[in-house]
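Down below is the structure, laid out as structure tokens.
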Amino acid sequence: MKQNRALSFLLLVMCGLMACNESFNPDGPYDRKLVVYAVLSNQNDTQYVRVYASYPPMSNPSYAQTDDQVTDAQVTIARGGTIYQFHDTTVTRSSPSRYLTPVYLHVAYGFPIAQATRYSLTVNSPTWGKASASIVSLYRGGMYVSNTTGLTNPRPSAVVSVRVAPGFNCAAYIVRMFFDYVVHDAGQQSAGRVEVPLALQAGSSGPDAYIYPAPILRGHGSVTDTPGEEVVIFSSEVSRRAADDLRARYPGDTVRFSDAILYLTQMDSVLYSYYNVINGFPGSGALRLDEPDYSNIRGGLGIFASTTVDSVILPISIPSNRPAASSAAHAQDLLDPRK
């Protein structure tokens, strides 16, 4: 009996080894499709659509020298009985280190986005075929700062509380803060903008690290005493530390901060799902799929999504935390004829 079991086990191992001799090809069959990327936004009355082709088989997109832009597509977006016809244009790339050709875009001017309205996208290419998608635009959200003293009179324990009322059909939102500043150097002025961290993570062995805002699922933010509202808190001390880091990049006292700008960006379910695919999975226990791509384009790949962006501008006063020269030393400098 023991000999029969040993023989059966040996036969199973041999069968497994024989199966391992079969060739393995990780590349699936080539699926020739349009790839469409369009995100409607209320930021202005100009909307953009980008149209690509799927990469050919046996190619690695990270090494491709061209991004396979489709130049013969006709693009329209319909809202009720109104049809917006998109026109072709090109935009110079900010960095031509990889792709040398300009970005090929389809653009429509005079195209404001209404709230909670159905939009239907159609892309028709004689070479690559037809693709389409439909979405319902977002409701506008609300945002206000309940205490501004964290920006005008920052103290170590002070915070900036941003109260957010997300739109009804918003899937997720993100609140970001920026400081506008001007650098005065040799009679010249140059303006800039720097993002403000949300908090600070103490380093266990190395330097501390800034924590920047990330998308928050609607209903998963910090609750307030008002139903439907959530709050995002920025540390006043961390904001001042980031301002000092910027001052340290320029010699002397040449940086002047003017305003704080807060942006509330809402994401619909399509855009947030795409974000999750690009930025990983929400937890260690999430189900991993062999093909984690997300698309709502019928007859193609890509996304057709909606977002809203609202902003608030606030005055700021960020004193420096850097040690200042003593009054005696400053007076001595004034009296020294070599200065």
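Read-outs throughout are calculated quantities, based only on the coordinates presented, and are distinct from any laboratory measurement. Everything numeric here is computed off the predicted structure, so don't read it as measured data. Neighbour counts are summed over all protein chains in view; Cβ atoms, including those assigned to glycine, are modelled from backbone coordinates with ideal geometry.
For the stretch 34-136, the relative contact order comes to 30 percent (Cα pairs under 8 Å, sequence separation of at least 6).
Going from the residue with the fewest nearby Cβ atoms within 10 Å to the one with the most, 318, 211, 216 rank 211, 216, 318.
Once backbone amide H atoms are built at 1.01 Å from N, residue 228 has no partners under 5 Å, excluding neighbours fewer than 5 places away on the same chain.
Taking every Cα-Cα distance in the stretch 113-210 and sorting them into 5 Å bins starting at zero, the pair-distance distribution P(r) comes out as 3, 8, 10, 12, 12, 13, 11, 10, 8, 7, 5, 2, 0 percent. Taking other C-beta atoms within 10 Å as the exposure proxy, 162, 145, 182 rank 182, 145, 162 from fewest upward.
Simple spin-label estimate for residue 43 and residue 226 gives 2.6 nm between the two label positions (7 Å along the Cα-to-Cβ direction from each Cα). Counting Cα-Cα pairs of the stretch 34-136 in 10 Å increments starting at 0 gives whole-percent bin shares of 14, 43, 31, 12, 1. For residue 302, the residues whose amide H sits under 5 Å from its own are 36, 296, 297, ignoring neighbours fewer than 5 places away on the same chain, with H placed 1.01 Å from N.
Among 195, 230, the order by Cβ neighbours within 10 angstrom, fewest to most, reads 195, 230.
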